[in-house]
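The values are calculated or read from the model by the stated rules, or taken from the named source; none is laboratory data. Just so we're clear, the structure is a prediction, and the values are computed from it rather than from any experiment. Note that we place each Cβ from the backbone using ideal geometry, even for glycine, and neighbour counts take in every protein chain shown. Surface accessibility is based on the protein's heavy atoms, side chains included, excluding ligands, DNA and RNA. Shrake-Rupley method; radii C 1.70, N 1.55, O 1.52, S 1.80 Å.
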Amino acid sequence: QEYTFRLHHLLGARAPAQTEMLEPWARQVEENSGGQVKIEIFPAMTLGGRPPELVQQARDGVVDLIWTVNGYTPGLFPRTEVMELPTVFKNDPKAANLALFDMFESDLKDDYKGLEVMFLHVHAGQAIQMVDKEVRTPADLAGTKLRIPTRTGAWVIEALGASPIGMPVPELPPALQKKVVDGALIPFEIIPPLAIQDQTQYQIELFDEERLGTTTFQVSMNGDRWAGLPDDIKKAFKDASGRDWWGHVGEVWRGTDDFGIKLATDAGNTHIILTEEETQAFRDAMAPVVDHWVADVSGSGIDGAALVEKARKLVADNASSK
Amino acid sequence: MDPITLGFSALIILVALIAVRIPIGYAMILVGGVGVAFLNGPALLFNQLKTLAYGQFSIYDLSVVPMFILMGALASKAGLSTALFRCANAWMGQMRGGTAMAAIAACAGFGAVCGSSLATASTMGRVALPELKRYGYSGALATGTLAAGGVLGILIPPSVVLIIYAIIVEANIVTMFAAALLPGLLAVLLFILTIAIYVWIRPEAGPRGDGIDAREFREATLGVIPVVLIFGIVLGGIYGGFYNPTPAASIGVALVWLYGALRGRIKLPELIDSIKETAGTTGMIYLILLGAELMKIFMSRAGLPQATAEWIIQSGYAPMTVMVLLLIALILLGCLMDSLSMILLVIPFFWPVLIDLNGGIYQGAEGAGFGMSTEDLKVWFGILALIVVELGLITPPVGMNVFVISALAKDTPMIETFKGVMPFFGAEIVRVVVLLAFPGFVLWLPRLLAG
Amino acid sequence: MTDIANKSRTGWTGAAVWLITLWALLGGALLLSVVLMNVASILGAIVGNAVPGDFELTEIGVAVAVFAFLPYTQVTDANVTADIFTSGAGPRMVAFLKLLGALIALGFALLLLWRMYAGMGDQRDYGYTTTILQLPVWLAFIPILISLALLALAAVVSLRDHTDILRGKA
Ligand code: NA
Ligand code: NA
């Protein structure tokens, strides 16, 4: 073993993100390298710092590899953020990941200065999870307080006439229980670790599993470390992080999300899937979010409209057959 | 060097530095920082230092720490800590050892708004030590009682250590506070019993107080009403779920300030004094947090916790054996380290081990290694860990609460304080055994509140 | 805290301690502002009008306040030390050990000043902001760097105090 890498991330060692995604990927890289590479995974910020520092840790070489939520450092990955937008991301994490792969070299790479991206991915999408309020139209959300997931998520909440509330994830269950917030915009995958089924009655998604945008994640290596690697080692990483793998990660997150909603319905919660007409009302209400984003990133000299168009097309091209 | 040797060498150096009066925060910063630079090069350390301190100091859940400290400082200026002690003493003072029992009760009351042991020990020490001396209590019992009473600051929620634990294992802070409440009251009961037995064996150590007249009794009792009201609003809001700990602490600070101002006890000079006191204590705690973070980084990189966790899993010990061994290890480590540092250093590595032993993160009660769901295990283990790391505050050679009380009681040698605190240590061991045998003690209240 | 905390001072150390105390009080005023902002947010939430970004304002405000407290902690000797092993040592020995402690504090303050100055550059250049209010994080580093400079000054004052004792002046 000539090359040791430290992979640092924020969730616990038993979270599906580690057991079903990071560990299999790391073992594959090790195998590809014929045992020359060893990847040690450090969960739960055990190499120090707070989750928003992960990106800087990778850029500075404090750690070799990170897995992190792009949205923890808002505005740092403006191009990739396109995939977080509602109506761009709809219902298909695998297609979204493949689209990210297909547009990475041409459109997204500039977000990642000082980093070498191994793979990007999304989760299955933000659903509306409400304490006791049944939601079928945007008007039902007017005046409610919802916990925000990301800055684009905050815009979605505002566009729907609700108030975005920021709070750390562990405080969400009591906040829901006592109605400090009326609900949250989070994927179903978060239901099991936080026992959200106990604090909410309604799990709401749009027609055909469509969601209200998603969150983007990255696994990246320090740029200099990457540049200094011999070609066979680089190949070991790239082979483990090919197009198929990006797509497979989408399936993994689909799976954890399905597990989450099953847990909630088994517990007697109401799973609402809106009709096509009801869904259209949400899409109309959320349309300004895309415009807001396009205007926001144009400040950094990015052609947001073109990115939105390209992302939508690639997501459609890569749609999974159901 | 193998991780075990390296990690233990570093711990020995740390203890040596602490022993020669290097401030504990700086000793940890030095050992952790030099250790990281030694393992992975100074450039890596320098890069991490660009954001590490800001990251640690801006953790939202920690923002309650300076607030609860400020609240404690203002509460003592506003006369709330005196009112607590006076009321408790009116009720218990006539008994043998009664004034010491009153000090325990008052510490518990103060602990209900203060999240820090050191702040509780120093506040109540200032109020109660002169009284205990006036009634002729032995130095060992007087200082031992207050050093032990001070730990109620973290045993009775809210508690800084519990907040940190909840952050690490992703537990709900309010659930953890609820779980700590009954065990905390059990601690009060056992401490008072300890004093009763102590003065039964050594009657000269804790004489009876003077009887007080009915008027004084009534005034002392009524005097505690504002305290109960303010604490009720703060704690009621947290347990009722109307607000999270940080806003609750904010409301507490504002109410105590307002009360003190209305009573004419907090004017600008008192406010300035309170801020100065908060500045000194907060700076001290945050330096330790930063030091603990650097130690954690160094230990992770050296691989000591991972190697130990691996060894536990390979050993094939029964879950309960591992639990007991882990608690004993924490008690031993507590002789040398401070409670916050231990939680920060140990929990991230050993919590996953306990999850594995229990049968996974979503394990239900049925067929679980510890006979309870992993969610319950999180709560139960948190309270047990809280108790054993808090013991470190009163065990020699490094016992923070003993240091704080010693600084206030210049005429009692520190060795006497350590002697005086030992019976309370015994009481705590009894409590750990009770909670190990009856997890329901911990789990009942959170379940009730969750419906 | 020891006698050093209550020592009356003149000359440059007096001016330094005055400045450090003033800075800590400003930090305290900031902490009180965060407290009042949280109270306003709770009261506002009752009428459905919470302070936007109260969460991130709390994080930044408390962090800046805590850094402002560090020099005061140093100059008043409020850092916890374990005195039991050296309780038999004479005042000159103790002064020597405390001198070592102050040297570590000085080294730490200068190192962190240097590194966090670089950190401020990263925060500005990469454009780190808060989530809701989109406040640039690097702005918070300005008062923090001042705090670290004052921490170095505080350590120098401690060094002076302990060398005075060693030389038998105090
Ligand atoms: Na407490
Ligand atoms: Na100890």
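Is there any pair linking a residue in segment A:54-81 that is at negative phi and within 11 Å of another protein chain (Cβ to nearest Cβ) to one that is open to solvent by less than 10 Å² (accessible area, probe 1.4 Å) and among the charged types (D, E, K, R), with Cβ under 7 Å and at least six apart or on different chains, and which?
Close Cβ pairs (under 7 Å, with a partner that is open to solvent by less than 10 Å² (accessible area, probe 1.4 Å) and among the charged types (D, E, K, R)) amount to A:77/A:111; A:78/A:111.
Working only within segment B:117-152, note down all residues that are closer than 30 Å to residue B:172 by Cβ, of a type in the set (Gly, Ala, Ser) and away from ligand 2 (no atom under 16 Å from the Cβ).
B:119, B:149
When you check residue B:369 against the structure, is it more than 16 Å from ligand 1 (Cβ to nearest atom) and away from chain A (no Cβ under 11 Å), yes or no?
yes
So for segment B:151-168 (the condition being in contact with a Lys or Arg (Cβ under 6 Å, 6 or more places away or on another chain) and more than 15 Å from ligand 1 (Cβ to nearest atom)), does at least one residue qualify?
Scanning segment B:151-168, I find no residue that is in contact with a Lys or Arg (Cβ under 6 Å, 6 or more places away or on another chain) and more than 15 Å from ligand 1 (Cβ to nearest atom), so the answer is no.
Which condition number does residue C:121 fail, the rest of (1) open to solvent by less than 50 Å² (accessible area, probe 1.4 Å); (2) modelled with pLDDT under 95 being met?
Only one criterion is unmet by residue C:121, namely (2).
I want to confirm something. Restricting to segment C:103-118 and keeping residues that are under 17 Å from residue B:290 (Cα atoms), surrounded by fewer than 21 Cβ atoms within 10 Å (Cβ to Cβ) and aliphatic (A, V, I, L, M), which single residue is nearest to the other protein chains (Cβ to nearest Cβ)?
Applying the filter and picking the extreme gives C:104.
Considering each of B:128, B:147, B:103 in turn, give the residue that is of a type outside the set (Lys, Arg), open to solvent by less than 10 Å² (accessible area, probe 1.4 Å), within 14 Å of chain C (Cβ to nearest Cβ) and more than 10 Å from ligand 1 (Cβ to nearest atom).
It is B:147.
How many of the residues in segment B:390-441 are within 16 Å of ligand 1 (Cβ to nearest atom) and of a type in the set (S, T, N, Q)?
1
Identify, from the list B:168, B:195, the residue that is surrounded by fewer than 22 Cβ atoms within 10 Å (Cβ to Cβ), among the aliphatic types (A, V, I, L, M), more than 16 Å from ligand 2 (Cβ to nearest atom) and touching a residue at least 24 places away in the same chain (Cβ under 8 Å).
B:168
Give B:62, B:80, B:14, B:52 a once-over and let me know the one that is closer than 26 Å to residue C:152 by Cβ, within 16 Å of ligand 1 (Cβ to nearest atom) and open to solvent by less than 10 Å² (accessible area, probe 1.4 Å).
Just a single option satisfies the conditions, and that option is B:62.
Are any of the residues in segment B:384-405 crowded, with 19+ Cβ neighbours inside 10 Å and more than 16 Å from ligand 2 (Cβ to nearest atom)?
Yes, some residue in segment B:384-405 is crowded, with 19+ Cβ neighbours inside 10 Å and more than 16 Å from ligand 2 (Cβ to nearest atom).
Quickly run through segment A:19-41 and pick out the residues that are facing chain B (nearest Cβ under 10 Å) and either crowded, with 19+ Cβ neighbours inside 10 Å or assigned to a strand (DSSP E or B) (or both).
Hit for segment A:19-41 is A:40, nothing else.
For residue B:209, indicate whether it is modelled with pLDDT under 90 and more than 25 Å from residue B:59 (Cβ to Cβ).
yes
Just for segment B:304-324: of the residues that are without any contact (Cβ under 8 Å) to a residue 12 or more places away in the chain and assigned to a helix (DSSP H, G or I), which one is nearest to ligand 1 (Cβ to nearest atom)?
The residue in question is B:321.
Here is a list: B:353, B:324. Which entry is modelled with pLDDT under 85 and more than 11 Å from chain C (Cβ to nearest Cβ)?
Answer to the selection: B:353.
Do any residues in segment B:144-165 that are in contact (Cβ under 8 Å) with a residue 40 or more places away in the chain have Cβ atoms under 6 Å from those of residues that are open to solvent by 10 Å² or more (accessible area, probe 1.4 Å) and within 7 Å of ligand 1 (Cβ to nearest atom), where the two are at least six apart or on different chains, and which pairs are they?
B:156/B:112
Please name all residue pairs, on different chains or six or more residues apart, with Cβ atoms under 7 Å, provided the first residue is in segment B:85-102 and is farther than 10 Å from residue B:212 by Cα and the second residue is open to solvent by 10 Å² or more (accessible area, probe 1.4 Å) and β-branched (Val, Ile, Thr).
Note: pairs meeting the criteria are B:85/B:127; B:87/B:221; B:87/B:224; B:101/B:192.
Return the pair list, or none, for Cβ contacts closer than 7 Å from residues in segment B:235-263 that are farther than 16 Å from residue B:275 by Cβ to residues that are open to solvent by 40 Å² or more (accessible area, probe 1.4 Å) and part of a helix (DSSP H, G or I), at least 6 apart or on different chains.
Pairs found: B:239/B:449; B:241/A:177; B:251/B:233; B:255/B:233.
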